[in-house]
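The values are calculated or read from the model by the stated rules, or taken from the named source; none is laboratory data. Predicted model, so just to flag it, every value in this text is computed and none were measured. Here the Cβ positions follow ideal geometry from the backbone for every residue, glycine too, while neighbour counts run over all protein chains shown.
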Amino acid sequence: MKKFTLAFLFVSVILSVRVLAQPPIRVVCVGNSITEGVGASSAEKAWPAQLANLLGSRYTVLNCGVSGTTMLKNGSYPYWTTTKLSEAKNNNPQILIIALGTNDAGTSNWGLKAQFKTDYLAMISEFRKLNRNPIIYLCLPAKVFSNATQTANIKYEMIPILKEISAEQNNYLIDFYSAMLLKGSLYPDGLHPNDEGAATMARAAYKVIAKTQVIVPYVSVNQQDSVETTSATVAAGGTLTFKPQPKDGTWAWKGPNGFTSTNRVVTLTDIQLNQGGAYTAIYTDTLGQRSVMNFMVSIEGCSAASITPYVAVNNGGWSTSTSVTTNPGGSVSFGPQLATGTGSGTWCWSGPNGFFSNSRAFTLNTILPTQAGDYTATYYNSTGCKSSVTIKVAVEGEVVCPTLVPYMNINATWSKITSAVVSEGGSVTFGPQPTNGNWSWSGPNGFSSNNREATVSNFSAAKAGKYIGVCTNELGCKDSLVFNLNTVNTALDLPVDDSGMISYPNPATDKVTFKNVPAHTAITVWDASGRAVLRMHSSDVTEDVDIQVSNWESGVYYISLLNDNTKTYKVIKK
């Protein structure tokens, strides 16, 4: 552990009770691995997360990307079958960004191209059910540098279809293809952009959204001068006027207690408690293009339920405190509760260096000294009544380097393991934690990667061996993980090896016994397809270990024993 001492404790500044927040504009991103963030060093560097930072506190962005998915319902992995589709719909997006198509353009899927437009229109329709009508942005897929045929399918066949859909549906277009056209150096694997590439995509999306979301919010309280803001506090009996720009086009308003209006300028007079809350304006210009803005009205003297400030340091237990201390490199989790539960209103956080969040609960991982200071949570209920609490975070002492946690994905299942038997032609994805920091990989057959999630595809005996992932975070902490991959061809088919461990009988009917197994040995049993069917550990002393096989189906199994190194044995169940 790298050691140095730091002491940062910011003076608490309690924010004014008049601090306000608008309900954030809900943005949902539907997409594949590029959207999910494969290729980026962490989820915080995926393009939707970087887009959220560019959009600022008036927006909240939900990443619903799923690696490998297609828009095609009959494709190799339809997005339609994922739980993320339900999550995306349940979030009731006000802005929907659809970034599917890259996998559809692949050789194995584009034979179904006649179905692509129909399925795309069906996806749009899916999000417009139940009287919902989000503003939709269609993304032209980024160029692929690892497959010329796939890129040609995107450029010459898919992009014209997407432009056609956009024109017919009056949707906006985000052109990732042009943005990434000359950015091949930002694709470590030719398919997934790195952090810088994701930033380029985020900027491309931001430019389109900033250009097309044109509402400028103005509010006047008690007939005073208008102020450019999305929130206001007004005393009961007072007057509040919304005066958004631009002046042309048409407007549609929704608000508390069934409030609606089609005027641009809306005035609320003799305001009562039940008129507080969220107001949403939809503007449609003369060309039929739409913009959205949310406003928050809070009634003076009205208080929401009190907030209990739950915090947890370094993944420890929760405590009710307004002051916590952690070391550089540690973590702080915030999970405030209301006296009435988590609440269905709006949460807004502010903190050091312009920090904001629209989530009730979140975690600061690998915390830096510059993140010390006051974090203020403000909650607004459905009528605009608010309550707030401030939590002071001190960052001081020796740097704490994180413990790396190994994860591997085999056959679409993540497991916390460091060794596996992989079938010929199969694939393995490494996905260690934490997600932040820079990762570099090396392995057999010239394997290398700078992605945290690194994939070994089309596995063979030549690719068996040790894969080493090295992580370096912002505080200079550096550590590594070693993963061992074997195939059928590299598994030991011998009852005795040079460690002195003996396995018998083989073939087996009831049990297999391993003699002289070292203490704390991780034992994993794999079937012939590479699926883990049993995981266990030996005791804290060297001793014989029995593995019951009587309930196993007949066939070939591979048993890996991991301590200082990994040995894999082939066992036949009769």
Go through the residues of segment 216-236 one by one and say whether even a single one is surrounded by fewer than 16 Cβ atoms within 10 Å (Cβ to Cβ), closer than 20 Å to Ser303 by Cα and at pLDDT below 95. yes
Quick check on segment 36-44. Is at least one of its residues part of a strand (DSSP E or B), surrounded by 24 or more Cβ atoms within 10 Å (Cβ to Cβ) and small (Gly, Ala, Ser)? yes
Per-region count, segment 281-303, residues charged (D, E, K, R) and either in contact with a strand residue (DSSP E or B) (Cβ under 7 Å, 6 or more places away or on another chain) or farther than 28 Å from Lys211 by Cβ (or both): 2
Would you mind finding the one in Ala88, Ala114 that is part of a helix (DSSP H, G or I), at pLDDT 95 or above and under 16 Å from Thr35 (Cα atoms)? Ala88
Candidates Ala167, Ala202, Ala142, filtered to the one that is among the aliphatic types (A, V, I, L, M), within 18 Å of Gly65 (Cβ to Cβ) and assigned to a helix (DSSP H, G or I): Ala202
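Conditions tested, residue by residue: (1) more than 35 Å from the chain's Cα centre (by Cα); (2) under 17 Å from Asn484 (Cβ atoms); (3) assigned by TED's automatic domain parsing to the domain that holds Val428.
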{"residue": "Thr521", "(1), (2), (3)": "no, yes, no"}
{"residue": "Val533", "(1), (2), (3)": "no, no, no"}
{"residue": "Asp540", "(1), (2), (3)": "yes, no, no"}
{"residue": "Asp546", "(1), (2), (3)": "yes, no, no"}
{"residue": "Trp552", "(1), (2), (3)": "yes, no, no"}
{"residue": "Leu561", "(1), (2), (3)": "no, yes, no"}
Take segment 328-361 and flag every residue that is more than 22 Å from the chain's Cα centre (by Cα), modelled with pLDDT under 90 and not polar (S, T, N, Q). Ala339, Gly341, Gly343, Gly345
Can you give me the ranges of the strands (runs of 3 or more DSSP E) entirely in segment 238-281 with at least 1 residues that are crowded, with 18+ Cβ neighbours inside 10 Å and at pLDDT below 95? 250-255
Given the conditions (1) among the aromatic types (Phe, Trp, Tyr); (2) touching a residue at least 24 places away in the same chain (Cβ under 8 Å); (3) surrounded by fewer than 17 Cβ atoms within 10 Å (Cβ to Cβ), which single one is not true for Tyr187? (3)
If Thr151 meets every condition in (1) crowded, with 18+ Cβ neighbours inside 10 Å; (2) over 18 Å from Met180 (Cα atoms) apart from one, which number is that one? (2)
